[in-house]
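Below is one structure; the comments refer to it alone.
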Amino acid sequence: MSNVAVTGAATALVPEVAAAEFLHSLVTPAHILVAISGGSDSTGLLIALAEQLKSFPRSDITLSAATIDHGLRAAGADEAREVASVCAARGIPHFIRRWDGEKPKSGIMAAAREARYQLLADLAREISADVIVTAHTADDQRETIVMRAERQSGGGGDETRTGIADAMLFDRRIWIVRPFLACRRMDIRAYLEGRGVSWLDDPSNEDIRYERVRTRMRLAVDPVVAVPADDGANRVLLSGKAALWLDEHVTIHADALCVIDRAGLSGDAAAVGYALSYLTAVFGGDVYGPGRQQMQRILDFVNSGMPGRRTAGGVVFDLRRETLCLMRESRNIKPLTLMQGASGIWDGRFEVTNRGSTTICVQAAGADSALIFPPNLPRAAVRRARAALPLIVSDEAGMAPTVAVAPYLASFDRFLTRFDLMFADRLSIAFGRQAYRRLPLSVI
């Protein structure tokens, strides 16, 4: 079998090569946790990694596997046990985790994805795994690009072009890497068939209620979309430029007021737009920045040079003669109640942990904040920023709450792609937090 297969403008790796390249790039010592459902893709990933380690033994690399039973199908538990048998036959430690509790009535695939990564990350911590690998393929990449393009009228943002990231940091604590992102499903199945290895077929992959299934069926008839050739290189470059711009022109005060040197607004337009979009998301407590049209209106306002104020994504943009100030709009900030020992995210901007013995309520400070800001900042901007800071109130009169409060960067703290790592690192440091966890790969 040839080592590469051409697909559109990109080349597809066969499983053996993809597995070997991943292991070669891995920072060691390493304990790999393979997410395996029993389907062809994840089974192929596990077998390819195991064969590489058997053919070229590495004492500094350990392999484990995990299956998540989402509790959505009666056959899920039996399938997980089948996967356990496959792993046991190859001497690979295997773990089963189940998504328990009530399931949402809508957005089930997104909720299942969130639960799956949470369970995998918890297990990784339990067994001291250093990296999680999943078996997303070139086929998944193609489907994702098509779906994202169709959701955006006219298609075409950087995220649309880059598609699925080859590596993603989950919850600030563990990297999830996708070694098979350049592999075609047909090559993975041929690889398994050549070794007499079977796999399980998930009936939900034929359920046309799901957007991905409909897209997959359509592409099977008309496979017109190729995997992007740049592998996110353009977005990485943009992230680096925006990181330098952030260092030079942006100051963050009290985790609540962003002050941008007005001279910086005339810098590289793409970098400024990228940075402002993420700053809007973070200060607005949202995972995503404003929509394209809304963001363009903000950029037009900023570039006009006329002092004034605009609001977008729950953020006030206050343009002055020498600075642009960003702060959370004081509307629609909901309170958060935390029991003893509980943690939660308030307004998408602060992570709060109740370390006391009473229930607490986290709410907007309004006029009650006395936090001191530098005297040279615009008073109106400081007043708005103070009003949107968290105020902690105990449910027992006279009892001072004991809490830990840290800024939360909604765009990056839960899911951070490798593409955006440079900018996210600089923003995290600007908020007084540590840089994000280092990528466990020496080469991409």
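Before moving on, here are some points about what is shown:
- Within the range 160-180, being at pLDDT below 95 and either more than 12 Å from the chain's Cα centre (by Cα) or among the β-branched types (Val, Ile, Thr) (or both) holds for 160, 161, 162, 163, 164.
- Residues in the range 404-422 that are within 27 Å of residue 368 (Cβ to Cβ), open to solvent by less than 50 Å² (accessible area, probe 1.4 Å) and aliphatic (A, V, I, L, M): 404, 406, 409, 410.
- Selection within the range 36-92 - touching a Gly at 6+ places or on another chain (Cβ under 9 Å) and of a type outside the set (A, V, I, L, M): 67, 69, 70, 71, 79, 82
- Residue count for the range 319-334, restricted to those that are touching a Pro at 6+ places or on another chain (Cβ under 7 Å) and surrounded by 14 or more Cβ atoms within 10 Å (Cβ to Cβ): 3
- Selection of first residues in the range 348-362 that are on the phi > 0 side of the Ramachandran plot and of second residues that are of a type in the set (A, V, I, L, M, F, W, C), restricted to Cβ pairs under 9 Å at least 6 apart or on distinct chains, gives the following pairs, ordered by first then second residue: 348/281; 348/282; 348/287; 348/410.
- Among all positions in the range 5-27, there is no residue which is more than 25 Å from residue 187 (Cβ to Cβ), exposed (fewer than 14 other Cβ atoms within 10 Å of the Cβ), of a type in the set (A, V, I, L, M) and over 27 Å from the mean Cα position of the chain (by Cα).
- Boolean, residue 145 is closer than 23 Å to residue 213 by Cβ and part of a helix (DSSP H, G or I): yes
- Hey, residue 381 farther than 30 Å from residue 181 by Cα, among the hydrophobic types (A, V, I, L, M, F, W, C) and open to solvent by 60 Å² or more (accessible area, probe 1.4 Å) or not: no
- Subset of the range 213-234 that is open to solvent by 20 Å² or more (accessible area, probe 1.4 Å) and at pLDDT 80 or above - its residue that is farthest from residue 277 (Cα to Cα): 218
- All positions within the range 326-347 that are on the phi > 0 side of the Ramachandran plot and of a type in the set (Gly, Ala, Ser): 341
- Residue match in the range 62-79 (condition: assigned to a loop (DSSP other than H, G, I, E, B), closer than 20 Å to residue 441 by Cβ, modelled with pLDDT of 95 or more and over 25 Å from the mean Cα position of the chain (by Cα)): no
- Here residue 283 meets each of (1) surrounded by fewer than 18 Cβ atoms within 10 Å (Cβ to Cβ); (2) touching a Lys or Arg at 6+ places or on another chain (Cβ under 7 Å); (3) outside any loop (DSSP other than H, G, I, E, B) with one exception, condition (1).
- In the set (1) crowded, with 17+ Cβ neighbours inside 10 Å; (2) in a loop (DSSP other than H, G, I, E, B); (3) of a type in the set (Gly, Ala, Ser), residue 84 fails one condition alone, (2).
- Residue count for the range 13-46, restricted to those that are assigned to a helix (DSSP H, G or I), out of contact with any Pro (no Cβ under 8 Å at 6 or more places or on another chain) and touching a residue at least 24 places away in the same chain (Cβ under 8 Å): 11
- Yes/no for residue 337 being surrounded by fewer than 21 Cβ atoms within 10 Å (Cβ to Cβ), touching an Asp or Glu at 6+ places or on another chain (Cβ under 7 Å) and outside any loop (DSSP other than H, G, I, E, B): no
- Taken over the range 87-126, the residue count meeting the criterion of being open to solvent by less than 30 Å² (accessible area, probe 1.4 Å), among the aliphatic types (A, V, I, L, M), part of a helix (DSSP H, G or I) and farther than 30 Å from residue 220 by Cα is 4.
The values are calculated or read from the model by the stated rules, or taken from the named source; none is laboratory data. Note that this is a predicted model, so its numbers are computed, not measured. When we count neighbours, we look across all protein chains shown, and the Cβ atoms used for this are built from the backbone with ideal geometry, even at glycine. Just so you know, the surface numbers come from the protein's heavy atoms only, side chains and all, with ligands and any DNA or RNA stripped out. Shrake-Rupley method; radii C 1.70, N 1.55, O 1.52, S 1.80 Å.
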